[in-house]
Structures are given as C-alpha cells and as structure tokens.
Amino acid sequence: MIISVVGAGIIGLTTALTLADRGHTVTVHDPEPASGASHHAGGMLAPTAEVVYKQDPLFPLMRASAEWYPDLIALTAKYTDLPTGYRTDGTLVVARDTADKTHLEELREYQSRHGMEVDKLTVRQARKLEPALSPALAGAVAIGGDHQVQPRLFTRALIDACRSAGVTFTTSRIESLDQLNKADQVVVANGLGASQLVAGLDLRPVYGDVLHVRVPQHQYPLLTRVVRGFVEDRPVYLIPREDGTLTIGASTREDGRDQPQVQGIHQLMRDAIELVPALEECDFIEATAGARPGTPDDLPYLGRIDDRTVVSTGYFRHGILLAALGARCGAELVDRQTPAIDLSACDPRRHS
Ligand SMILES: Cc1cc2nc3c(=O)[nH]c(=O)nc-3n(C[C@H](O)[C@H](O)[C@H](O)COP(=O)(O)OP(=O)(O)OC[C@H]3O[C@@H](n4cnc5c(N)ncnc54)[C@H](O)[C@@H]3O)c2cc1C
C-alpha cells in the first residue's frame with residue numbers, strides 16, 4: 001500500500017518505520033522533522049512513576065507500551081547503528097520533606113494497588129545507589145521498570161532507520177488531507193497540528209520548561225539512573241545521559257508562551273539542587289520549552305476515522321513512552337487488523 005504519514009515527531013517516525021518494515025511504501029511529510037514536543041521531551045519511559053491519580057484507562061496503555069519498547073528499539077537497530085539513548089537502569093523517586101514523604105507513600109500505595117512494582121528504600125539505601133543525593137531527604141522508593149531514551153538521539157536514529165527502510169521524506173506542510181490524494185492510507189500524526197487537519201480533535205498546548213546541564217569530568221557520573229522527586233509538592237526530574245549531560249524537567253503551564261520562562265527555569269533549578277546539591281557545579285547548556293499535545297481526558301486520539309485515515313496524536317505527557325503502542329497499533333489500524341490492545345478509550349471522535 002502507498003501510505004502518507006503527516007508529521008515526523010516520535011509518533012510519525014515510529015509509525016512510518018513500522019509500516020515500512022511491514023512492506024508498505026511510506027512517505028513522511030514534515031517541514032521541520034522532530035521539531036515539536038519530541039525535541040523537548042525528557043524521554044522517561046515511566047509507566048509507574050508517571051502515574052496520575054484517576055487516570056486508570058491510561059495505565060494499561062502505558063504498561064503495554066513499556067512492554068513493547070524493547071521491540072521498538074530492536075526494530076530501530078535493525079535499520080540503523082545510531083544510538084537511541086535507551087537505558088534500563090531504573091528510576092529512584094525521592095521526597096524532600098515529611099509532607100513530600102507522605103505524598104510519596106500515598107502514591108506508592110496507589111501504584112501497588114494497581115499492580116505496579118515499587119520498592120521502598122531508606123534514604124541511606126537510596127544514597128548508596130546515588131551518592132550525589134542530598135542527605136537531607138525524607139524518603140525514597142525504587143522503580144526498576146521505569147527506563148529512558150534520549151529523544152533527540154532517538155528521533156535522529158529513527159529518521160536514519162526510516163530512510164534505510166525505504167521511507168521517503170518531504171518537507172511539505174500539509175494544509176489539507178486532500179493534498180495526499182495519491183495515498184491509499186493516511187496517518188495523521190502531526191501532534192498539535194492535527195486539529196487543523198481533522199475536525200473534532202480537541203488539542204491544546206501544555207507547555208513545559210526543561211534544562212540541560214553538563215556534568216564536569218571530576219563529578220561524572222553525577223547520577224547513574226533517573227531521579228524524580230517532590231520538593232514542597234512540586235515534581236522535578238533529573239535524567240543522566242551517557243554523553244555526560246543531565247536533563248532537568250519539567251514545568252507545566254498553559255499560558256500560551258512558547259519560550260522558556262524564567263520562573264519555571266528558576267524553580268526547576270532550585271528544586272533539582274535541593275535533591276542533588278552538586279548540580280551547582282555543572283555547566284549550564286540550554287533552557288528550552290516544548291508544548292505537550294494535551295486532550296481533555298489526557299488520553300491519546302488513536303483510531304480510524306474513515307476508510308483512508310488513521311489518527312494518532314494527543315499523546316500529552318507520555319508520547320515518548322506511548323510511541324511503541326502508537327506505532328504498533330497505528331500500523332495495525334492501517335492494515336485493518338484488530339489492534340493488540342483495546343483502543344476504545346482513544347476514539348478520535350469522542351470529543352466531537
Ligand atoms: C517538556 C516536555 C517533557 C516531556 N517529557 C516526556 C517524557 O519524559 N516521557 C514521555 O513519554 N513523554 C514526554 N513528553 C511528551 C512527548 O514529548 C509528546 O507526547 C510526544 O513527543 C508527542 O509526539 P508527536 O510525534 O505526537 O508530536 P511532535 O513531537 O510534536 O511532532 C509533531 C510533528 O508534526 C509536524 N507538523 C505539524 N504540523 C504539520 C503539518 N501541517 N504538516 C506536516 N507536518 C506537521 C511538526 O513539525 C512536528 O515535527 C514531554 C513533552 C514535553 C513538552
């Protein structure tokens with residue numbers, strides 16, 4: 001089949017690669033590949049630590065996608081030698097003060113009730129794993145199943161893999177799906193831009209500020225696994241990369257401002273230093289802000305809307321994690337197979 005994919009973010013790229021691997025002729029259209037949310041994301045694959053209360057329909061999707069991630073990484077490696085930053089060292093979640101510890105405890109109970117594996121640690125045990133953690137912490141848990149990729153590396157690798165698998169890229173901005181009338185099937189995967197192509201999608205930008213620092217050689221590696229924390233109830237995360245950098249994120253704001261905000265950056269920096277004091281000695285590299293493609297119920301839009309069109313967007317906070325699911329189920333929908341997981345909660349028409 002001849003297939004057009006609109007958008008070369010993580011969702012469009014992983015879907016295009018999966019479709020090309022299934023033997024289809026695939027073209028991806030994007031004036032600026034990998035420039036959207038996927039460029040700014042932290043890259044945590046965190047079906048447990050990222051749990052949000054009362055979002056139960058999302059949990060099985062996150063869990064399935066985490067299970068399928070090794071297959072997605074293997075598929076990428078089948079077509080490229082470029083690195084993805086995929087690491088399976090696990091995640092620590094720490095609490096700064098006693099109120100944060102109560103929050104962590106409540107979250108752990110909720111996670112355990114939903115069958116997720118979370119191990120309680122003493123602060124001493126946590127500091128044995130990560131000596132750079134502050135001794136002033138109030139509590140910690142370990143989540144072995146929460147992993148990470150480095151999104152900028154991963155999207156670069158995916159573009160290379162797509163090319164090796166025979167995918168063609170154009171720099172066309174798609175203004176209407178009629179432009180793609182030569183395609184048998186179209187996958188709409190252009191993040192926030194999808195609402196301009198498909199009526200009834202209710203997408204909004206949820207901005208997040210992110211920081212990048214470099215760990216000086218004498219301190220490397222400052223951390224060896226993802227550290228998430230609560231500081232006066234504010235969430236913050238630190239993601240160590242193999243290239244010696246650390247990503248610190250992320251704020252959440254819906255103020256329509258697409259540049260990193262001083263307040264958000266200041267807060268992130270202060271909270272991260274509370275958890276890992278030696279961060280003060282790192283080199284500052286970059287502050288960025290990205291827009292998560294949010295939906296009213298925080299669930300993606302993933303489904304077929306007519307004979308020719310599959311929609312795959314609205315992945316909000318979890319698009320890097322959910323890419324394994326989006327790619328696999330998106331390809332199954334294009335091929336008119338029953339998706340490997342129940343997608344009824346993701347119906348793209350549910351808000352029209
Ligand atoms: C600060 C921040 C931190 C995050 N951290 C994480 C995390 O740790 N883990 C996680 O799982 N998720 C995380 N996310 C969420 C994740 O980044 C998104 O859910 C995911 O990147 C969405 O991918 P996408 O491919 O749907 O959209 P995008 O990455 O936004 O890609 C859309 C693409 O479509 C193109 N496009 C737009 N309009 C058109 C058009 N008309 N024609 C052609 N092309 C078009 C754009 O140029 C862009 O390249 C984070 C997001 C942010 C902002």
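The values are calculated or read from the model by the stated rules, or taken from the named source; none is laboratory data. Worth saying up front: this structure is predicted, and the values here are computed from it rather than measured. Every residue, glycine among them, receives a Cβ derived from its backbone with ideal geometry; neighbour counts consider all protein chains shown.
Of note:
- Candidates P33, P47, filtered to the one that is within 14 Å of the ligand (Cβ to nearest atom), more than 24 Å from V94 (Cβ to Cβ), in contact (Cβ under 8 Å) with a residue 12 or more places away in the chain and not in a strand (DSSP E or B): P33
The rows are residues; the columns are (1) free of Cβ contacts under 8 Å to residues at least 60 places away in the same chain; (2) buried (at least 21 other Cβ atoms within 10 Å of the Cβ).
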| position | (1), (2) |
| --- | --- |
| I273 | yes, no |
| C282 | no, yes |
| D307 | yes, no |
| A327 | no, yes |
| A331 | no, yes |
| R349 | no, no |
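- Qualifying residue in the range 7-23 (condition: within 13 Å of the ligand (Cβ to nearest atom), of a type in the set (S, T, N, Q) and either within 28 Å of G294 (Cβ to Cβ) or in a strand (DSSP E or B) (or both)): yes
- Matching entry among D283, D307, D297 (being within 16 Å of the ligand (Cβ to nearest atom) and of a type outside the set (V, I, T)): D297
Conditions tested, residue by residue: (1) within 16 Å of the chain's Cα centre (by Cα); (2) in a helix (DSSP H, G or I); (3) more than 13 Å from I320 (Cβ to Cβ); (4) away from the ligand (no atom under 16 Å from the Cβ).
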{"position": "V51", "(1), (2), (3), (4)": "yes, no, yes, no"}
{"position": "K54", "(1), (2), (3), (4)": "no, no, yes, yes"}
{"position": "F59", "(1), (2), (3), (4)": "yes, yes, yes, no"}
{"position": "M62", "(1), (2), (3), (4)": "yes, yes, no, no"}
{"position": "S65", "(1), (2), (3), (4)": "yes, yes, no, no"}
{"position": "Y69", "(1), (2), (3), (4)": "yes, yes, no, no"}
{"position": "I73", "(1), (2), (3), (4)": "yes, yes, no, no"}
{"position": "L82", "(1), (2), (3), (4)": "no, no, yes, yes"}
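- Residue check for S195: outside the structural domain of T309 (by TED's automatic domain parsing), under 26 Å from G326 (Cα atoms) and free of Cβ contacts under 8 Å to residues at least 60 places away in the same chain: no
- For the range 150-179, the tally of residues that are free of Cβ contacts under 8 Å to residues at least 40 places away in the same chain and aliphatic (A, V, I, L, M) stands at 0.
- Qualifying residue in the range 316-338 (condition: assigned by TED's automatic domain parsing to the domain that holds L158, part of a loop (DSSP other than H, G, I, E, B), at pLDDT 95 or above and within 15 Å of the ligand (Cβ to nearest atom)): no
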